[in-house]
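S.K.: Quick one: structure below, then a few questions.
The values are calculated or read from the model by the stated rules, or taken from the named source; none is laboratory data. Please read these numbers as outputs of a predicted model, since none were measured by experiment. Because the Cβ atoms are built from the backbone with ideal geometry, glycine has one as well, and the counts that use them run over all protein chains shown.
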Amino acid sequence: MRVMRILITGSSGHLGEALVRTLQDLGHETIGLDITRSPFTQRVGSITDRAYVKQCLRGVEVVLHAATLHKPHIASHTRQDFVDINITGTLNLLEEAVAAHVKTFVYTSTTSTYGHALTPPEGAPAAWITEAVVPIAKNIYGVTKLAGENLCELFHRNHGLPCVILRTARFFPEQDDDGRARRDYEDANLKANEFLHRRVDIADVVDVHLLAMEKAAEIGFDRYVISATTPFAPHDLSELRKDAAAVVRRYVPSYETEYHRLGWSMLPTIDRVYVNERARSQLGWRPKYDFSTVIGCLRACKDFRSPLAVAVGSKGYHGRGFVP
């Protein structure tokens, strides 16, 4: 891979730090931009400050835009904050990227953009979530992330800027923001379950960003679902809503022994399955972490997180220092 000058937004956050760590190890020149100082942030400032964004983009060939307010920030930030950071900040980056002749723009989006499309009606099969599913945003987070995606598409069409959208599943190590989920499951148990249908390890997220960076010029513009490879198939969707454990037992029968040993439980029902087939076929992505990997690690009494996930650790959601 040719050495490049790369701007990473949100470099003091989970994904931003992971990207900077990896890119530096590969020998690239990284410019980490965040409002919070960290060993991985060289430029301290906000993407809402267009003049500062312009300075940061001098000589940059690639933008990896990971800075964002996330769904849990709904509890601590206003809708205007979401608009300012997730929309205006993205617009500033795109406009100045075009002015600076940036060659590639990779936008970290989220599967949360699908919103209401993720929850089928009572009695219906689980939703099979591919790029063909039409998003129905259900909160300000989804609305603003979709707006950011649409801005990327606009700048590709109007200015020829290669833009790749990566709709990532959950990868944060923090506890679930759903109080019921926290009550019903030990945290590691819940995260292990999610690798079946809605979670991805941060090391695999970094890998797909690097592939998107390499292939953006060839692709031009596209969107990809980024989640661990599910063992399920479309013919499982009806049964997943009724008896998820029975379906999992068919594909990964060894899970029961490890779950019994740990006192863990399987989800009684699964309502959606994220499908990464397009990212694997078009980007050549080969995610290393899935539910079978998790069970193998449990059997070996090992942490099922990647070394990169362990190194980045937990940063929290609601402290102002975390918000890019």
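S.K.: State the number of residues belonging to the stretch 229-244 that are under 17 Å from Arg198 (Cα atoms) and among the polar types (S, T, N, Q).
M.R.: Adding up the residues that qualify gives 2.
S.K.: If you don't mind, there's one more thing I want to ask. Counting only residues that are polar (S, T, N, Q) and surrounded by fewer than 16 Cβ atoms within 10 Å (Cβ to Cβ), which one in the stretch 52-87 is modelled with the highest pLDDT?
M.R.: Per the stated criteria, the residue is Gln55.
S.K.: What are the pairs, 6+ residues apart or on separate chains, where a residue within the stretch 298-324 that is more than 17 Å from Ser76 (Cβ to Cβ) has its Cβ under 7 Å from a residue that is modelled with pLDDT of 95 or more and in a loop (DSSP other than H, G, I, E, B)?
M.R.: Pairs found: Leu298/Phe304; Arg305/Asp201; Ser306/Asp201; Ser306/Tyr289; Ala309/Asp201; Val310/Asp303.
S.K.: Of all residues in the stretch 18-45, which are polar (S, T, N, Q) and in contact (Cβ under 8 Å) with a residue 60 or more places away in the chain?
M.R.: To start, the set of residues in the stretch 18-45 that are polar (S, T, N, Q) comprises 22, 24, 30, 36, 38, 41-42.
Within the stretch 18-45, Thr22, Thr36 meet the criteria.
S.K.: Still on this structure, I have one more. Checking Leu94 against (1) assigned to a helix (DSSP H, G or I); (2) touching a residue at least 40 places away in the same chain (Cβ under 8 Å); (3) out of contact with any Cys (no Cβ under 9 Å at 6 or more places or on another chain), which single condition isn't satisfied?
M.R.: Condition (3) is where Leu94 drops out.
S.K.: Only residues that are touching a Lys or Arg at 6+ places or on another chain (Cβ under 6 Å) and free of Cβ contacts under 8 Å to residues at least 60 places away in the same chain: list them for the stretch 97-116, please.
M.R.: Thr110, Ser112, Thr113, Gly115, His116
S.K.: Name every residue in the stretch 253-266 that is part of a loop (DSSP other than H, G, I, E, B) and either surrounded by fewer than 19 Cβ atoms within 10 Å (Cβ to Cβ) or among the aromatic types (Phe, Trp, Tyr) (or both), in order of residue number.
M.R.: In the first step, residues of the stretch 253-266 are kept if they are part of a loop (DSSP other than H, G, I, E, B); the result is 253-254, 263-266.
Within the stretch 253-266, Pro253, Ser254, Gly263, Trp264, Ser265 qualify.
S.K.: Condition check: modelled with pLDDT of 95 or more, of a type in the set (Val, Ile, Thr), on the phi < 0 side of the Ramachandran plot and touching a Leu at 6+ places or on another chain (Cβ under 6 Å). Does Ile226 satisfy that?
M.R.: Yes; evaluated as a whole, the condition is true for this residue.
S.K.: Shifting gears a bit: Got at least one residue in the stretch 173-194 being modelled with pLDDT of 95 or more, out of contact with any Leu (no Cβ under 9 Å at 6 or more places or on another chain) and closer than 20 Å to Arg286 by Cα?
M.R.: No, the stretch 173-194 contains no residue that is modelled with pLDDT of 95 or more, out of contact with any Leu (no Cβ under 9 Å at 6 or more places or on another chain) and closer than 20 Å to Arg286 by Cα.
S.K.: Scan the stretch 189-197 and give yes if some residue there is under 22 Å from Ile270 (Cβ atoms), surrounded by 23 or more Cβ atoms within 10 Å (Cβ to Cβ) and polar (S, T, N, Q), otherwise no.
M.R.: yes
S.K.: Quick test for you: out of Ala217, Ala203, Ala244, pick the one residue that is of a type in the set (A, V, I, L, M, F, W, C), surrounded by 15 or more Cβ atoms within 10 Å (Cβ to Cβ) and in contact with a Lys or Arg (Cβ under 9 Å, 6 or more places away or on another chain).
M.R.: Ala203
S.K.: May I ask you to verify whether Ala244 is over 23 Å from Pro135 (Cβ atoms) and touching a Leu at 6+ places or on another chain (Cβ under 8 Å)?
M.R.: For Ala244, the condition - over 23 Å from Pro135 (Cβ atoms) and touching a Leu at 6+ places or on another chain (Cβ under 8 Å) - is met.
S.K.: Restricting the search to the stretch 128-172, which residues are aromatic (Phe, Trp, Tyr) and in a strand (DSSP E or B)? Lay out the reasoning, then the answer.
M.R.: Filtering the stretch 128-172 down to residues aromatic (Phe, Trp, Tyr) leaves 128, 141, 155, 171-172.
Scanning the stretch 128-172 gives a single hit, Trp128.
S.K.: Report, by residue number, each residue of the stretch 111-122 that is of a type in the set (Val, Ile, Thr) and surrounded by fewer than 19 Cβ atoms within 10 Å (Cβ to Cβ). Break it down stepwise before answering.
M.R.: Just the residues of the stretch 111-122 that are of a type in the set (Val, Ile, Thr), to begin with: 111, 113, 119.
Within the stretch 111-122, just Thr119 meets the criteria.
S.K.: Within the stretch 88-110, count every residue that is surrounded by 23 or more Cβ atoms within 10 Å (Cβ to Cβ), closer than 19 Å to Thr168 by Cβ and in contact with a Phe, Trp or Tyr (Cβ under 8 Å, 6 or more places away or on another chain).
M.R.: 3
S.K.: While we're here: Can you tell me which residue within the stretch 35-51, out of those that are farther than 20 Å from Val312 by Cβ and of a type in the set (A, V, I, L, M, F, W, C), is surrounded by the fewest Cβ atoms within 10 Å (Cβ to Cβ)?
M.R.: Top of the filtered list is Ala51.
S.K.: Still on this structure: Among the listed residues Gly16, Gly32, identify the single one that is modelled with pLDDT of 95 or more, assigned to a strand (DSSP E or B) and crowded, with 21+ Cβ neighbours inside 10 Å.
M.R.: Exactly one residue qualifies, and that residue is Gly32.
S.K.: From the residues in the stretch 2-13 that are β-branched (Val, Ile, Thr) and modelled with pLDDT of 95 or more, which one is farthest from the chain's Cα centre (by Cα)?
M.R.: Filtering the stretch 2-13 for residues β-branched (Val, Ile, Thr) gives 3, 6, 8-9.
Still in the running and modelled with pLDDT of 95 or more: 6, 8-9.
Details: Ile6: 19, Ile8: 15, Thr9: 14 Å.
The extreme case among them is Ile6.
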